Each structure stands twice: as C-alpha cells, then as structure tokens.
Amino acid sequence: MAKKTGSEETVTYVDKSGKRLDGRKADELRKIKVEVGVIPRADGSAYVEWGQNKVLASVYGPRECLPKHLANPYKAIVRYTYRMAAFSVPDRKNPKPGRREIEISKVSGEALARAIFLERFPNTAIDVDVEILDSNAGTRVAALTAASVALADAGIPMRDLVAGIGVGKAGGHLLVDLNKAEEDAPDAVDIPMAILPNLGEVVLLQLDGLMTQKEWEESQKLAFQHVKKVYELQKEALKKKYAVEGNSGDMEAGARAAEEGVVE
Amino acid sequence: MSQILWNLSADKVLATLREGKRSDGRKFDEYRPVQVIKNVSENADGICRIKLGQTDVVAGIKMIPGEPFPDTPDAGTISVGAELLALADPTFEAGPPREGSIELSRVVDRGIRESNCLDFKSLCIREGELVWVVFIDIYVLNFDGNLFDACALAALIALQDTKIPKLDDKDKPVKGEFAGKLKLARKPVMCTFVKVGNSVVVDPSLAEEKALDARFSVTTTEDDFISAFQKGGEGAFSPEEINKCVALAFKKGKELRKQYCE
C-alpha cells in the first residue's frame, strides 16, 4: 500500500491536457494481458500482465483437505496464498511471508470464495497460489484477476468471475488504476477492489488514505464502470483457450446453467 | 460452544434478523454499551481498556526511541500489534500471530496511520538518527464480537492519554519524567458492520459474527474524511449497501467520539 514519502516537491499528477505521469487519462487502465493455462501441472492456471505487474496463478483442487481438521463437512475451503518474489520489488523482499502478504491472502481468499459454488465440494480444499513476479502497485487486484481465471480454467463451477480493479486519488484527482508513483503522492488514496461484474457485487474492498464520502461514491462508480474492461479481457482469454467451433464460448449461458443446477 | 451449536445459533440469528430484530434486542444501528477504563498499567505511556458489551480489550502505548526508516529520516512511526490471548476465547491459541490477529492489527494501524492524526515529523528526535516509535500493543481479554471497533477505540483513547517520556543525554527514557503529551490532530473512529443474509447491522455480537456472510469496517474522522476501509468474510456487498454503511459510519463515529473521546 501507499507509503508517504514526505517529499515536498510538487508533482503534477494530471496535467492540463488531462494526461497522467505515464501518459494515461484519469480513467484509463494500464495495458492488461491475460493468458490461460500457463502451468501444465496445475489443475488450472493463468498469467496476468497488468502494466509492469506480472502475476502467475495456479489452482489445485478441489482435493482432499489436509490437515483434516481444517475440512468443512458442508463446503470446500479456499486456501489463497499471495506471495511476492524476492526480486519483484525495487529492493530485495525478504522471502519470508510478511504481515501484508498474510492479510492480502486472507481477504483475497474470502473474495474468491464468494464466486465459487463451494457447497458442491464438501470436505475438500481448493488451493489457489499466486506469485508476484514483478510489481508496480495494484498487485493484489491483478492477482485476484488471474486467480479467478485460473479457477475457471480448473473447471470449478462459479457464480461469476472475480475482476480486480484499483481506484483512488493522487494530487487531488480521482484516478483509475494507480501506479506506484501515484500511490506515493502525499495525498494518495489507494482503494483496491474486486467485483463480481455480472452480479454487481463487491467482494474485496480496502482503502487507505483520506477521502470524503462524495469522493468515495464517485470512485466506486469509476470502479464499476472500468472493471468491465478487465472482465472482458478475462472472458476473451478463456474463450481463446476453450471456444471451439460450434460453441460460442458464451460463458454467461454456462454460468446460468450452473446456477440453475444448484440447490441452495 | 462447539461449532455445531454455533451453526444452530447462526440459524437463529438469521431468522431473527429476517423478522427485523436482532437476537440481543438491539436496533440494527445500535452499539452495545461502551465502558472506558483508564490507568490500567502504570508502566505504559498511555493506556486504555475498553469493554464493548462483553468484549474486553486493552491497548497500551510505549514510546521507544528508534532508528528512522531510510526513506523517511525525519519521521517517527507507529507499530500496531494485536494479540488474541488464549484466555479470551476457546478457539484462540497461544503462539505467533495468525491471519486473524494480523488483519485486526493492520486495519487498526491503517485507520490511525492514514488519518494523519499523528504528525510523524513531530516525532523526529534527531533527523536521520533517532525518532519516536509509538508502539500500540492491543490485547484481547474477552471475545464477544467486534474486536475491530473495540481495539480501534482503545488505541485512540490510549493515544490521547499518551505522555512522551523525557530522554536523558544517552537517549534513554528517564523513569517517571515526561516531556509533554502526544498530540493528536484527528480522532479516527472505526465502525464495523456485518451482513447476515440480507441484513446489515452495526457492532456485531459474537453470535452475529459467527453467522456473518460479510464484514465491513469504515474508519472516519471528525472532519468528514474516510481514512480506512476493510471488507472481510466470504460474502459480498452491493454498492448501495456500502454507501449506506459509510454514511452510518460517519453518524456512529460522531456519537462514539462525542461520548468517549472528549
């Protein structure tokens, strides 16, 4: 998350022509690339490049939950592990999992759990592991974006894909998808979100920094508006691997069928 | 209570909420009574014990001179730790912090740090050499739901009462002597909501937490800023629910601040 540098020099975060430090518009995402099935040994996997961020995600399971006392007789449990490679940050990161990684793993796993029909797989574990190979702000939302595609690749029935997006504020401007330089603004607000775009639900939401209620409501609108782009890229990537002739790869239809098949 | 009994209790909580009531009779936007107990430890530089219903937590402050971070040579810092003591709940175990207590301490930290209520520059003793590190250590003594709000409130009140130790010429604190009080520019107060079924209630009891689908914490300041959010739990919120929670967090934050932080 953003760390205040305390530097006094004034930086213009959005210039007169509406361009940001890296040339983007205020509501423009960085370039995002989604690939499906990048780890042959895994049950499902995905790779996401999001600006400079590079994330690998794998899914193993549903499989027997070990140790057994963690198993839930009513549903599968999701074990989400978010880790950053030692070389993924400007300094070297101690490879020992830090408090930040543990917290992110917890809330991200809970976010994914909402999307999965866990009741179908009692007593099992679904292990989702994501590794950040390179980072420049917004890694947790890139990681969730990759993880949910990996879950779909593993054939796990889901209510919706989980699409991540960051919104926030720098230099007094509300921005979409902040990069590191923007997160380091003295007045920076960083709001990672994960959304189920089709259901219109928020499954991950964090904020740090100072923001008014009005600014938040505006930011939330921006997030919902622009997360659609992430969602489209996720679907495109899945279609690229799975759409075959005679099959439109219409996942909404698949999701509806899955929904109807479940007794709740 | 075993997990099976909690599952039954969760069904009851949900059924009661569907009737528009809470299992302990509170309104959906009503906090349990708060009791503030001060002077729990003479060795702490600031201290506050909070009882929120039967939830019982104590936050103690220690001001320790330490080295600044290389990227902020002229700024002090805070460090928040939350310990879910084994004596507080049958499911808490001794040992290194787990994800529950790590999340708790990081969310309390975020609310305080990001509100800029502490002027970190004023906590600089000698630039590049020595700064104050404000250690906020929180212990949970009895767990009856909503640790987030109880811990955040205890930490805030303890900070308000914190005295800065006087340092001798070897930079060691002089016992019993102080160089003034810690100054707080704002009072960040956290409000936590849980969603059970389609109902959203504030200040969840333990039974409500065991039944929760999702949890949402909002930290607000008296000058109308949000300083932290944290969503938890395996459920989801609609954008409208989130906006309602934020609005209510401002209202409840004001009430709590007025009653317990002035």
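Values quoted throughout were computed directly from the atomic coordinates according to the rules given, and no laboratory measurement underlies them. Computed from a prediction, not measured in an experiment: that's the story for all the values here. Don't worry about glycine lacking a Cβ; one is built from the backbone with ideal geometry, like all the others, and counts go over all protein chains shown.
I need the helices of chain B that pass two filters: whole DSSP H segments spanning 18 Å or more by Cα along the axis, and mean Kyte-Doolittle score no lower than -0.5.
Details: long enough: B:3-18 (22 Å, 0.39); B:99-114 (21 Å, -0.54); B:147-160 (19 Å, 1.93); B:239-260 (31 Å, -0.89).
Helices passing the filter in chain B: B:3-18, B:147-160.
Want the number for B:Lys175 to B:Lys27: 0.36 nm per residue separation, take away the alpha-carbon distance, what's left? Don't jump to the answer; show the numbers that get you there.
On the way: separation 148, 0.36 × 148 = 53.28 nm, distance 4.76 nm.
So the chain would gain 48.5 nm between B:Lys175 and B:Lys27.
Straight distance only, please: which lysines reach the Cα of A:Lys31 with their own Cα at less than 20 Å, same-chain residues fewer than 8 apart left out?
Reachable lysines: A:Lys19, A:Lys54, A:Lys169, A:Lys180, A:Lys228, A:Lys229, A:Lys235, A:Lys239, A:Lys240.
Describe numerically, in nm with one decimal, the distance between label points set 7 Å from Cα along Cα→Cβ at A:Val244 and at B:Asp224.
Taking the two extended label points, one gets 6.0 nm.
Counting other beta carbons within 10 Å of each residue's own, what order do B:Thr220, B:Thr91, B:Thr162 fall into, fewest first?
Values: B:Thr220 28, B:Thr91 11, B:Thr162 25.
Listed from fewest to most nearby Cβ atoms, that is B:Thr91, B:Thr162, B:Thr220.
Where in the stretch A:127-141 does the label zone of A:Lys33 land, with the point 7 angstrom along Cα→C-beta and an amide N cut-off under 14 Å?
A:134
Can you give the relative contact order of chain A as a percent, counting alpha carbon pairs under 8 Å and 6+ residues apart? Don't jump to the answer; show the numbers that get you there.
On the way: 565 pairs, mean separation 56.0, N = 264.
Averaging sequence separation for qualifying contacts and normalising by length gives 21 percent for chain A.
Taking neighbour counts of Cβ atoms within 10 Å as a proxy for exposure, in what order, fewest first, do A:Arg92, A:Arg30 appear?
Working: A:Arg92 10, A:Arg30 20.
Going from least to most buried by this count: A:Arg92, A:Arg30.
For chain A, find the longest principal axis of its Cα atoms and tell me its angle to the long axis of helix A:99-115, 0 to 90°, nearest 10.
50
Show which lysines lie in cross-link reach of B:Lys183 when reach means a straight Cα distance below 17 angstrom and same-chain residues fewer than eight apart are skipped.
B:Lys62, B:Lys121, B:Lys163, B:Lys166
Across peptide B:235-242, how many C-beta atoms of other chains are within 10 Å of each residue C-beta, on average? Before the final figure, lay out each step's value.
On the way: counts 5, 17, 4, 4, 10, 1, 2, 6.
Mean number of neighbouring Cβ atoms from other chains: 6.
Describe numerically, in nm with one decimal, the distance between label points set 7 Å from Cα along Cα→Cβ at B:Thr91 and at A:Leu70.
1.6
Tilt of helix A:251-260 relative to the longest C-alpha principal axis of chain A, in degrees (0 to 90, nearest 10)?
50
For the stretch B:3-260, report the translational diffusion coefficient in µm²/s to the nearest whole number, using Stokes-Einstein at 20 °C, 1.002 mPa s, and a Kirkwood Rh over Cα pairs. List each step's numbers first, then the result.
Working: Rh = 19.1 Å.
My calculation gives 112 µm²/s for D.
Counting only other chains, what is the mean number of Cβ atoms within 10 angstrom of the Cβ of each residue in peptide A:189-202? Each step should come with its number before you reach the end.
Working: counts 4, 1, 2, 1, 3, 2, 2, 1, 0, 0, 2, 4, 7, 9.
Shielding by partners across A:189-202 averages 3.
Can you spot the lysines whose alpha carbon is less than 25 Å from B:Lys21's alpha carbon? Ignore those fewer than 8 places along the same chain.
B:Lys12, B:Lys51, B:Lys195, B:Lys210, B:Lys231, B:Lys244, B:Lys251, B:Lys252, B:Lys254
Note down the magnitude of the dipole of the protein assembly as shown about its Cα centre, charges +1 on Lys and Arg C-beta and -1 on Asp and Glu C-beta and zero elsewhere, to the nearest 20 debye. Please report the intermediate quantities before stating the final value.
Numbers: 74 positive and 81 negative charges, 45 e Å.
I would put it at about 220 debye.
For helix A:139-153, report the angle its Cα long axis makes with the longest principal axis of the Cα atoms of chain A; keep it between 0 and 90° and round to the nearest 10°.
Roughly 20 degrees between the two axes.
Taking the Cβ of each residue in B:Arg186, A:Arg100 as the centre, tally the other Cβ atoms inside 10 Å and list the residues starting with the fewest. Walk me through the intermediate numbers first.
On the way: B:Arg186 18, A:Arg100 14.
Ascending number of Cβ neighbours within 10 Å: A:Arg100, B:Arg186.
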